[in-house]
Amino acid sequence: MEDKYNWAGNYRYGSAELLEPESLEEVRDMAVRCSRIRALGSRHSFNGIADTGGSQISLRKLNRVIELDRAQRTVTVEGGIRYGDLCRYLDEQGYALHNLASLPHISVAGAVATATHGSGDRNGGLAVAVRAIELVKADGEIAVLERGKDRDFEGAVVGIGGLGIVTMLTLDVVPAFQISQTVYDELPLSALDGRIDDLFSAAYSVSLFTDWTSPAFNQVWVKRKVAGEGVEAAWAESTEFFGAQPAPVKRHPVPGQSAVNCSEQLGTPGPWYERLPHFRMDFTPSAGHELQSEYFVPRQHALEALRALDGIRERIAPLLFISEVRTIAADEFWMSPCYKQDSVGLHFTWKPDWEGVREALPLIERELAPFGARPHWAKLFTMEPERVQARYERLADFRQLLERYDPEGKFRNAYLDTYIVQQ
């Protein structure tokens, strides 16, 4: 492979070759020919989820918009398209996606397969928009699964790369909308007492950032739908946010980083796709060379979980660039961390010190264990496989799905064997 590393440089892939098909027929041929194969998205993962001892296949050349169906309000795209490119097209046509991740650089197929999410009390993760998927199975055959029609749909959408190569997706779209983004400075953790639900529901999307050097949030990023009604409209007129004051200049979540990388702030309205992500498409996201972890806990335990982490902040802060807290609505996908569970995501962007982070993660996981924490599939964690497996009530059904779609284990790898297959 020309480039053996993920985007952050912390993981070196062990695959023997990287394949880049330019057509569906080439994907089918490669799936048949290779004895071991895994899809490689945009490399925005931090562990071995996309690795294999065999071949990796990148769909970056299969990145077209196939069809915009205005009557059905759907868009069909090839799996290799990135959200930033898709969003520009949709906005030009007067449409939008309901939610976006914090960075637009990631591929649609990769984000959906790993249950990557955006933010908002009423906003499900990115997979919620999926109306149908097309995937190439191990024998080269094509399977198309549609919401409401196929019994395997809820199991296959967040498939962690184990069922086949997702070559096409049909997504729900909504009318394009405008978002204004305001960053507020300094919110004490104590300000959340008895008000945490009000805070997270006060806008389309709310993110809390902390470096855990004190029991406070350095910044609160509030994304409001322009011309909204009710609570959002009321907060839009406020000069403060639960006691936090508006930042006088643009901010970057990571202290010391240039805000030029970030989406527009200071309450200036703009297109949905230029405000929902934290970072701009044409700049390096986040801190660049970094490590990431994230855990999901039921939303009703959000404040308790934050207090638990505050109890070990002296162990977290020295290793940390920044930590983000945001909410995600429940979904119906078997292997999603938000399966039937409104959740809060507790995200950690670490300095590139794996030895230190590896010692801190078990402490975090111990504190979050009473709340049934589920780790993000594509980020770093040290939870024992049996603990991870115990968090998923449909795991046995998913194993059966893997067996039916890939009986020879062509799409399996060490990661999947460890956390999904082995009992």
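The values are calculated or read from the model by the stated rules, or taken from the named source; none is laboratory data. The structure presented is a predicted model; accordingly, all values stated were derived computationally and were not measured. Neighbour counts are summed over all protein chains in view; Cβ atoms, including those assigned to glycine, are modelled from backbone coordinates with ideal geometry.
Which one of the conditions (1) in a loop (DSSP other than H, G, I, E, B); (2) small (G, A, S); (3) farther than 22 Å from L103 by Cβ does A360 fail to meet, given that it meets all the rest?
Single failed check for A360: (1).
Restricting attention to region 381-423, which residues are assigned to a loop (DSSP other than H, G, I, E, B), within 27 Å of P298 (Cα to Cα) and not polar (S, T, N, Q)?
Selection gives F381, M383, E384, R391, Y392, E393, R394.
Test of understanding: among Y419, Y339, Y392, Y415, which residue is of a type outside the set (A, V, I, L, M, F, W, C), in contact with a Gly (Cβ under 8 Å, 6 or more places away or on another chain) and at pLDDT 95 or above?
After ruling out the rest, the residue left standing is Y415.
Just to be sure, is A31 more than 23 Å from the chain's Cα centre (by Cα), at pLDDT below 95 and within 17 Å of N413 (Cα to Cα)?
For A31, the condition - more than 23 Å from the chain's Cα centre (by Cα), at pLDDT below 95 and within 17 Å of N413 (Cα to Cα) - is not met.
Residues in region 122-142 that are basic (K, R) and touching an Asp or Glu at 6+ places or on another chain (Cβ under 9 Å): how many?
2
Within region 278-298, is even one residue under 21 Å from Y419 (Cβ atoms), polar (S, T, N, Q) and surrounded by fewer than 21 Cβ atoms within 10 Å (Cβ to Cβ)?
no
Given (1) at negative phi; (2) surrounded by fewer than 19 Cβ atoms within 10 Å (Cβ to Cβ), identify the lone condition not met by G148.
Among (1) at negative phi; (2) surrounded by fewer than 19 Cβ atoms within 10 Å (Cβ to Cβ), G148 violates only (1).
Can you pull out the residues in region 350-366 that are buried (at least 22 other Cβ atoms within 10 Å of the Cβ) and within 30 Å of S201 (Cβ to Cβ)?
Correct list: W350, I364.
Just the residues that are closer than 20 Å to I328 by Cα, of a type in the set (K, R) and modelled with pLDDT of 95 or more, please, taken from region 100-147.
Across region 100-147, the qualifying residue is only R131.
Just for helices (runs of 4 or more DSSP H) wholly inside region 2-113: which have at least 1 residues that are touching a residue at least 24 places away in the same chain (Cβ under 8 Å), surrounded by fewer than 18 Cβ atoms within 10 Å (Cβ to Cβ) and touching a Pro at 6+ places or on another chain (Cβ under 9 Å)?
24-33, 83-92
For region 371-380, what are the residues that are over 15 Å from L416 (Cβ atoms) and part of a loop (DSSP other than H, G, I, E, B)?
G372, A373, H376, K379, L380
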